[in-house]
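The values are calculated or read from the model by the stated rules, or taken from the named source; none is laboratory data. Not measured: the values here are computed from a predicted model. Glycine gets a Cβ as well: all are built from the backbone with ideal geometry, and neighbour counts include every protein chain shown.
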Amino acid sequence: MALLPDPEPLFELIEALNTLPGIGKRTARRMAYHLLQYDREGAAKISETINQALNELKHCQMCNSFTTEDICPICASQRRDHSLLCVVETAADLNMIEASHGYHGLYYVLMGKVSPLDGVGAQKLNLERLFHRVLDYPVQEVILATNFTAEGETTAHYLGNVLRDQGIKVSRIARGVPSGSELEYVDAGTIAWALTERRTD
């Protein structure tokens, strides 16, 4: 006996939930049914807060992370070391490094990584913005804190070569962060150690 197809709005909801990291089709279906059957108020709240985030958040003009202002509080702080710039792939990575309390410089968030197999090159990431950020402000050292995945290493290698050609000191976080891992899932102590033991090539 064939299963009846989902009504179009339910199908679209399941498909949308399925796009989230770590959410498979079966989990997405369970979540959709739960929200509609048991927690419609919660579903409305999720919808409201997503719309609010989309409407109110923008990219910081200096670090490219998410903020409600033109310049985020970290970039605006005079207590930070403005000579250090830590380059990360995502805003989640930035938050993990902040949680380690082992770094007091500034950041730049790539919002992605160089991945030739996926058709993501330097141009698509708008890396020129990063290079202008480094050269237009008093940055003495750039710390490459991309993930130790194949794409993260490719990104770090490319950035390192370009920045060194401009006479910028470049270092890479140490491999206290396990190979193949992503910063978002690494404990704060390990991240702090990796930053302290960063190396230059």
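Each residue in the range 160-182 was checked for being more than 13 Å from Gly102 (Cβ to Cβ) and modelled with pLDDT under 90, and 6 of them qualify.
From the list Ala194, Ala145, the one residue that fits, being at pLDDT 75 or above, within 15 Å of Val87 (Cα to Cα) and surrounded by 17 or more Cβ atoms within 10 Å (Cβ to Cβ), is Ala145.
Can you pull out the residues in the range 22-72 that are among the polar types (S, T, N, Q) and either assigned to a loop (DSSP other than H, G, I, E, B) or surrounded by 11 or more Cβ atoms within 10 Å (Cβ to Cβ) (or both)? Passing the criteria: Thr27, Ser47, Gln61, Asn64, Ser65, Thr67, Thr68. Based on this model, can you work out whether Gln52 counts as under 28 Å from Val88 (Cβ atoms) and not assigned by TED's automatic domain parsing to the domain that holds Asn126? Considered against the rule, which asks whether it is under 28 Å from Val88 (Cβ atoms) and not assigned by TED's automatic domain parsing to the domain that holds Asn126, Gln52 comes out as yes. Which strands (runs of 3 or more DSSP E) does the range 73-146 wholly contain that include 3 or more residues that are touching a Lys or Arg at 6+ places or on another chain (Cβ under 7 Å) and under 17 Å from Leu195 (Cβ atoms)? The qualifying strands (runs of 3 or more DSSP E) are 105-109, 141-144. For the range 12-21, a residue qualifies if it is surrounded by 13 or more Cβ atoms within 10 Å (Cβ to Cβ) and hydrophobic (A, V, I, L, M, F, W, C), and the qualifying residues are Leu13, Ile14, Leu17.
Taking the residues in the range 98-138 that are among the hydroxyl-bearing types (Ser, Thr, Tyr) and at pLDDT below 95 as candidates, determine which candidate is farthest from Asp165 (Cα to Cα).
Ser100
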